[in-house]
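A short write-up of the structure that comes next.
Just so it is clear, none of the values below were taken in a lab; they were calculated from the coordinates. A quick note: this is a predicted structure, and the numbers were derived from the prediction, not measured. Glycine also receives a Cβ, built like all others from the backbone with ideal geometry; neighbour counts cover every protein chain displayed.
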Number of protein chains: 2
Amino acid sequence: MRNEEFLQQFNKRLESLIKTTNKVEQAMNYSLLSSGKRIRPLLIKTACEDMMVDADLIWHPALAIELFHTASLIHDDLPQIDDSPLRRGRPSCHVVYGNDFAILAGDGLMLKSFEVLSQSPADPRVKTLLLTHFSRATYEVLIGEALDVEYTGKSQKLSEILKMYSKKTGGLFSFCTASGAILSERFQLIEKFTKLGSVLGIWFQVVDDLKDALSDEKAAGKTVGRDKMLGKPTVVSIFGVHKAKDFADKLLEGVLNRFDEYGMNKTVDFLKSLAV
Amino acid sequence: MRNEEFLQQFNKRLESLIKTTNKVEQAMNYSLLSSGKRIRPLLIKTACEDMMVDADLIWHPALAIELFHTASLIHDDLPQIDDSPLRRGRPSCHVVYGNDFAILAGDGLMLKSFEVLSQSPADPRVKTLLLTHFSRATYEVLIGEALDVEYTGKSQKLSEILKMYSKKTGGLFSFCTASGAILSERFQLIEKFTKLGSVLGIWFQVVDDLKDALSDEKAAGKTVGRDKMLGKPTVVSIFGVHKAKDFADKLLEGVLNRFDEYGMNKTVDFLKSLAV
């Protein structure tokens, strides 16, 4: 399936997940159905196609990861955490629905992600493996987020920042890249692909830092320049823009070479398109 | 196993779940390891024993439900939601760790609950059923919480309040009472026990409302008298104390009779002990 066609179907399925009847589900849909780039679902799609996974098995993890990712953005944007009033090109969830409903909407999307994944048509043995890896990955993200908050305003060693990135952003990327190995039951590859996904997460976060430092708000669709304002230690704040860019390029090159060796052509192409 | 012995082992296992290395995990343990009554884990234990479930299978759902329940208490107590500074006899999580870490700690405990449940030694087919019911139950709780917030300061019909209770408190109770049927693979009983658990949740919430209206803070171990102050419509605010007490007694009696018919002796005894 072409990525564009996948995205169309994906967004339709996303729309049908939550039947809006009350305020919290309205808040959930508000954030979920905004114009996200759906990078993680697409990465699951390409990783699964590269591993010849049955098309019917791709939707549930793809939907689950977008639900969880949206939840983490809502909580991140709260005034109590990153205080970002803008997300995906429009006011953040708490700006529209209030802090109480933004907290609850984030919770709801997290829980819904597990409900959706538990409804996967995969074989029970594969499904439990999927749920195990998903729960670990999402917990990693949470710990990474919390370390990010804990480090704010403090100076940190590069190694600690990279470890934080590998959790905060690498957690979900690991699940994406490993999902193909899990669903195709090539269990010996799970660990390898989890590690590569984690490096990919670091790369993606450094690129995000660069965007935050350089780009304008309109292009980013979210509040920018906040890392510096909040006193967040980042790879950019340690390396400077040029060295950070070099570092990111090298990380990506390393991961793409490894995926290439495994014949992950669609994944490699998709990642290259993100790097432009 | 006697309930006291179960509780001792349960608390030991709970202590070993999260290895405190950073601030958010400290906040998670702070709330998790306080002196909760562990009513939901005990209800799982009795429901499973009544259904002759293998003892090794009881721990994971029992731990998972306590992790999730604690998460929901932390988020409930936040200034943005119920604003309760006292919980389980000591300062609430956000009072000690700040609102940012309380939000993240709640998230972390929710995610950990799924991680723990996904590590259950149950047969994959049973485990996926367990995860399906757990994710539905926890999502119900979240919707119930959100309806509670949405209804605050408004007058509501009794039927709407009861529906909210059946989600907010009935969600987890349903999972508890159904867990025995799931783990003993008596699948035809799951739906019945889920419904009975939901009524049990209404009963428990009305008793909680009565406590909030009548008891003192020291005995309750949490902030009381808040329902009225916050303008929350409750069964007590509609019925008054005496009629609400009657209503609760009749609900419990009905559920106990049904459980009695199924030979759920330990469950009946445990619920009776809660009613004293």
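If you take the Cα Rg of the protein assembly as shown and divide it by 2.2 N^0.38 Å, with N the number of residues, what do you get? Expressed relative to 2.2 N^0.38 Å, the Cα Rg reads 0.97. Packing here is the average count of other Cβ atoms within 10 Å per residue, and on that basis the peptides A:91-99, A:198-206, highest first, run A:198-206, A:91-99.
Computed over chain A with a Gaussian network model linking Cα atoms closer than 10 Å, the most mobile of A:K245, A:K23, A:K112 is A:K23. Each other copy places its own label point for A:A55 at 5.2 nm from this one, sorted shortest first, where the point lies 7 Å along the Cα-to-beta carbon line.
Comparing mean-square fluctuations of B:K45, B:K228, B:K195 from a GNM of chain B with C-alpha springs under 10 Å, the top value falls on B:K228.
A point 7 Å from Cα along Cα→Cβ stands in for B:R13, and the other copies hold the same point at 3.5 nm, listed in rising order.
Extension gain for A:E5 to A:V96 (0.36 nm times residue separation, less C-alpha to C-alpha distance): 29.6 nm. Distances in nm, one decimal, shortest first, from A:R2 to the same residue in every other copy, taking the label point 7 angstrom along Cα→Cβ. List, nearest first: 7.2 nm. Can you give me the Cα centroid spacing of the range A:83-132 and the range B:120-138 in angstrom? Answer, in whole Å: 19.
The two copies B and A are related by a rotation, and the chain B beta carbon nearest its axis, with distance in whole angstrom, is B:P124, 2.
With the Cα gyration tensor of chain B giving a ≥ b ≥ c as the square roots of its eigenvalues, does the rule (a/c under 1.5 for rounded; else a/b larger than b/c for prolate; else oblate) give rounded, prolate or oblate? It is oblate, given that a/c is not under 1.5 and a/b is not larger than b/c. Cβ crowding within 10 Å, taken as a proxy for footprinting-reagent exposure, orders A:M164, B:M28 from fewest neighbours to most as A:M164, B:M28. Remark: mean inter-chain Cβ contacts per residue of A:144-157 equal 3, using a 10 Å Cβ-Cβ cutoff to other protein chain atoms. Which residue fluctuates the most in chain A, going by a Gaussian network model with Cα springs under 10 Å, if the choices are A:F247, A:F193, A:F175? Answer for the Gaussian network model of chain A: A:F247. Which is farthest toward the positive dipole end of chain B among B:G180, B:L73, B:T21, measuring Cα position about the Cα centre, with Cβ charges +1 (Lys, Arg) and -1 (Asp, Glu)? Sorting the options by dipole projection puts first B:L73.
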